[in-house]
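Let me begin by presenting the structure, written as structure tokens, before commenting on it.
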């Protein structure tokens, strides 16, 4: 409890009341895993503390409202509101992010989007509490001064809850909002879209007022989420986001509130999640995690030798040679005498070292810029890198545009995931030429498996093909679109079994092709 | 035989029935009915495999649309929501702009409300024929862009588009007013018999206007 | 004694072990109280007569937790508990685990069995069970399941017993307890590193084990255990010595313990604890997700989930196996015991959620894809308990959203089953499909 000594006497009573009411509120809400809430003197009427998920109630607000309503009713209503956010909407950061990102996509403006998503979550959580948990929220909303936004939202409540909240009936303003299935979680994104359509003019009108003045329940912070939730949510959000830009924009806006998962995991993201380039890298890292390949188990095989494994009682028909006199009390009697049960041992098969991996990625002007659109080439490279890293191998990245003219970046074999993604996400946007000598020297260094992802518009393609066909490395070439250059590679692959060429028209397939090759190379089940 | 649900013999629900349940269910029902009506129209129109904009074809489609919506009860907001259902491509996988627009126009023309506002700004696609045959005494405000044939065959109603429209805006209109806040495309006012078209910004091309008036940024520009 | 007194005694025993013997951080919150899961579940196992698998790193108190609980709950001096332990290694024999022929008598042509302490005493501890051959693991679990032990032509019956088995981490690399055997355990808990402060405290309290020693009584017990007596007489003499140990604990540590009759009463009280409708409906919803397959009728380890199945978001899609019938038994028993222990009156959803991860962790076989997706996640628990906790929490959220509807669907099903002509309630969850199946209605 914060600063008990300064609390006025009434607050002491409040605490007793809270202790009495909390078990009942928890029971009504089906026992959420939340500790006893506490009081504070600042912030919105009800909020949640980071990490230990403790609801915080604003004692000033309660005291002010106590002039109009019994304190018990106020406390119960505030707790219902807070708990409903925890148990119903948004429930987790992934949902919160998804709702916010959808609002941002529609409204463009960060603050408007924030307000819209917050309002929507309030409507869902409040409606859930009123419908399912016999909440006293209507009594709270019936009292106290209202902001213009609250006038509309409370009119909506009057319509959808069938109660009189004593405000100005504002049926026209809420006409678009009343038939939205707020409690159907599967339709939340579509419902939010409809909600925003209905409330947009009002949002734009009230934009100038500060967020905490817009509704009494204030803003829903992103700080309340724990690092493990953030990791999972970013992975899901990367999958759902339409483009790296959308991911980067949302992350950039929330950077101060969200504790970057990479800050803690030593992944060398530093303070960078906020800058577009870093957010971009995080996007591909998180997205690639969704394509995880199962880990290979060390293969076990029969050893070819029988060994005494365990005892069992001897039966008359069984041979003598396996009798164990030491466990048989010196007796040769069926049922007492013990015989060794022999089994063929299992040993670990020959442990083949997983080869390292070299990802050669084309970032010339004809390839998609990974910062503005989802680049399946980068994602494919990322999936390959992740799979090899997970098998304790190292990964090198050769990102090229016009390599002989300096348009290339080479990352030598490393196990640092952030560095790998940094180089994978680099975009040159120039011409396309490989420095064949350089690539060959890397390929000879450690016989890595090679993944070449390009649109085959390489100016020195003949040289590249002939050099690759002389290599012993396993090469997977993934080419995007139907380009004549690919034919030359395909011809080379007919002669050389170490080269596999995949043409894709739908770039979506790149990660799958890459993972297919990895699966093949690493002999995964 | 033992009843495996015995423990719930005395269950009494504490959940309140809120008006929301009824409202949301009714809305879903309307969307379902509208989708079914649209399905019938498309079925009728696709008999000839390809849909061309021909005068008779449009009239026929409108007639079918008016017929299929007779039994459906809906309001102006449902029309807007249905536009998004069409646009989403998930609930109705066959949005064909021509018939879809004619269907929406029929819904607007037969709605109980006289003033209809469609906030279509977030739609990925635009609908053609919005405001087609809008009768006198009715107004349609489209917030966002509209496709081709906006306000075509207008019959005295008032069509406002806060964004831009495609080609053939006001084609064959007889009376009424079309206001387009931004640009409009080619053949604007083709076969126009009367009424006014007000365009806030660029007109890509005027059609052969028989009668009526076209204004661009407040200045009369047609008929030539 | 009253129910409340028994509970008070059990609570005092928990507090005593926590404060004096097994130092560890609390990691579980129930009814606003903090508990250490290893200690709590060990105690509930002893009270219930259940089977607990305790996993953890070597030297982090897996076995000692069980020893302390076994000693105090069953009034057995620590030395006797140690002497009855079976330690797991590949060469372990049936003779050392169950009993052996009386060699003297065997030489005179008589078959007589000398039973091991392990089968005679109610507290059964198997150290490193995963190192035992499967046949021996199975033998122990069979014996414990049925409460009878056989050797040659003799049999011994246990009317009261509990099993604690310890094992190294049950990850893919070291898993040598096969799934059917794992399923026999009611709960799996992890004995964790207590943190540097508690660890240091342990170093300062090395004499703590002496608190539960009593060499004289241990010798007496040893004598009685060796004697060939009629079962009732043996039981009564063992009980008398145990009670003497109880008196000793009362006098030396001011610690009340439970005698055999009291433990039986406690079991009756626990068994009488009811489940509220939310706990009941939630448990059904959980079981539905753990066993449902729309395509193949139920989950089967041999069948793979289809891509694009409507139920992809539910647990069934991530699981390889089907929940066994032992899971709901463990779930209900431990939830009841927990409700009794915390004086909750009846089992609510909170108790089911609290025990759920520990009942499910060792039983759920997740798909490789699910494992590889989540194994790198930040977490406090070992992967299996973490995944089970997530699963329990996920189902809780789904239940929380539609609690009233699920209960209404079950109530409606009751009426249909009784013959009323009603339409079953529909919804988007396997439970609704399972209800239809129970009612023998086609989908």
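The values are calculated or read from the model by the stated rules, or taken from the named source; none is laboratory data. These figures come from a predicted structure and were not determined experimentally. FYI the Cβ positions are ideal-geometry reconstructions off the backbone, even for glycines, and counts take in every protein chain you see.
Across the range B:56-82, the number of residues qualifying as outside any helix (DSSP H, G or I) and more than 17 Å from residue B:40 (Cβ to Cβ) comes to 1. For residue A:139, the conditions (1) outside any helix (DSSP H, G or I); (2) away from every other protein chain (no Cβ under 14 Å); (3) within 20 Å of residue B:15 (Cβ to Cβ) are fulfilled apart from (1). None of A:303, A:310 is in a strand (DSSP E or B) and either within 10 Å of another protein chain (Cβ to nearest Cβ) or modelled with pLDDT of 75 or more (or both) except A:310. Of the helices (runs of 4 or more DSSP H) that lie entirely inside the range C:325-390, those containing 1 or more residues that are over 15 Å from the mean Cα position of the chain (by Cα), farther than 19 Å from residue C:183 by Cβ and at pLDDT below 95 span C:349-360, C:368-374.
Taking the range A:171-195 as the range and being under 16 Å from residue B:19 (Cβ atoms), more than 10 Å from every other protein chain (Cβ to nearest Cβ) and either in a loop (DSSP other than H, G, I, E, B) or more than 36 Å from the chain's Cα centre (by Cα) (or both) as the test, only A:171 passes. Name the residues in the range C:285-317 that are modelled with pLDDT of 90 or more and within 14 Å of another protein chain (Cβ to nearest Cβ), would you? Once the filter is applied, which keeps residues that are modelled with pLDDT of 90 or more and within 14 Å of another protein chain (Cβ to nearest Cβ), the range C:285-317 yields C:285, C:286, C:287, C:288, C:314. Selection of the range A:11-44 for residues being within 9 Å of chain C (Cβ to nearest Cβ) and part of a helix (DSSP H, G or I) yields A:22, A:23, A:26, A:27.
Would you say residue C:316 is surrounded by 22 or more Cβ atoms within 10 Å (Cβ to Cβ) and in contact (Cβ under 8 Å) with a residue 60 or more places away in the chain? For residue C:316, the condition - surrounded by 22 or more Cβ atoms within 10 Å (Cβ to Cβ) and in contact (Cβ under 8 Å) with a residue 60 or more places away in the chain - is met.
Considering only residues that are away from chain B (no Cβ under 14 Å), part of a helix (DSSP H, G or I) and in contact with a strand residue (DSSP E or B) (Cβ under 9 Å, 6 or more places away or on another chain), which ones fall in the range C:228-279? Correct list: C:231 only. Restricting attention to the range A:368-393, the residues that are more than 15 Å from residue A:280 (Cβ to Cβ), assigned to a loop (DSSP other than H, G, I, E, B) and out of contact with any strand residue (DSSP E or B) (no Cβ under 7 Å at 6 or more places or on another chain) add up to 2.
Listed here are the residues, each with its yes/no results for (1) buried (at least 24 other Cβ atoms within 10 Å of the Cβ); (2) within 18 Å of residue B:101 (Cβ to Cβ).
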residue: B:162; (1), (2): no, yes
residue: B:173; (1), (2): yes, yes
residue: B:194; (1), (2): no, no
residue: B:212; (1), (2): no, no
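With respect to the conditions (1) away from chain A (no Cβ under 14 Å); (2) assigned to a helix (DSSP H, G or I); (3) more than 18 Å from the chain's Cα centre (by Cα), residue C:282 falls short on a single one, namely (1). The number of residues in the range C:341-366 being facing chain A (nearest Cβ under 10 Å) and in contact with a strand residue (DSSP E or B) (Cβ under 6 Å, 6 or more places away or on another chain) comes to 1. Of the helices (runs of 4 or more DSSP H) contained entirely in the range C:70-128, those carrying at least 1 residues that are modelled with pLDDT under 95 and away from every other protein chain (no Cβ under 14 Å) fall at C:78-84, C:117-120. Taking the criterion of being free of Cβ contacts under 8 Å to residues at least 60 places away in the same chain and either surrounded by 22 or more Cβ atoms within 10 Å (Cβ to Cβ) or more than 21 Å from residue A:511 (Cβ to Cβ) (or both), the residues of the range A:236-250 that qualify are A:238, A:247.
Do we have residue C:404 as at pLDDT 90 or above and over 20 Å from residue C:298 (Cβ atoms) here? So residue C:404 passes the test.
Here is a yes/no grid of residues against (1) in contact with a helix residue (DSSP H, G or I) (Cβ under 6 Å, 6 or more places away or on another chain); (2) more than 14 Å from chain C (Cβ to nearest Cβ); (3) buried (at least 24 other Cβ atoms within 10 Å of the Cβ):
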{"site": "A:324", "(1), (2), (3)": "no, no, no"}
{"site": "A:334", "(1), (2), (3)": "no, no, no"}
{"site": "A:368", "(1), (2), (3)": "no, yes, no"}
{"site": "A:371", "(1), (2), (3)": "yes, yes, no"}
{"site": "A:387", "(1), (2), (3)": "yes, no, yes"}
{"site": "A:391", "(1), (2), (3)": "no, no, no"}
{"site": "A:406", "(1), (2), (3)": "no, yes, no"}
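Within the range B:11-25, the residues that satisfy the criterion of being more than 8 Å from chain C (Cβ to nearest Cβ) and either assigned to a loop (DSSP other than H, G, I, E, B) or at pLDDT below 90 (or both) are B:12, B:16, B:17, B:18. Within the option set C:402, C:390, C:418, being within 13 Å of chain A (Cβ to nearest Cβ) and free of Cβ contacts under 8 Å to residues at least 24 places away in the same chain holds for one residue only, C:390. I'm told residue A:119 meets every condition in (1) more than 14 Å from every other protein chain (Cβ to nearest Cβ); (2) under 26 Å from the mean Cα position of the chain (by Cα); (3) modelled with pLDDT under 90 except one. Can you identify the failing condition by its number? All conditions pass for residue A:119, except number (3). Only one entry of C:409, C:413 meets the criterion of being facing chain B (nearest Cβ under 8 Å) and either buried (at least 22 other Cβ atoms within 10 Å of the Cβ) or outside any helix (DSSP H, G or I) (or both), and that entry is C:413. Restricting to the range C:19-36, name every residue that is in contact with a helix residue (DSSP H, G or I) (Cβ under 7 Å, 6 or more places away or on another chain), under 28 Å from residue A:26 (Cα atoms) and outside any loop (DSSP other than H, G, I, E, B). Once the filter is applied, which keeps residues that are in contact with a helix residue (DSSP H, G or I) (Cβ under 7 Å, 6 or more places away or on another chain), under 28 Å from residue A:26 (Cα atoms) and outside any loop (DSSP other than H, G, I, E, B), the range C:19-36 yields C:28, C:30.
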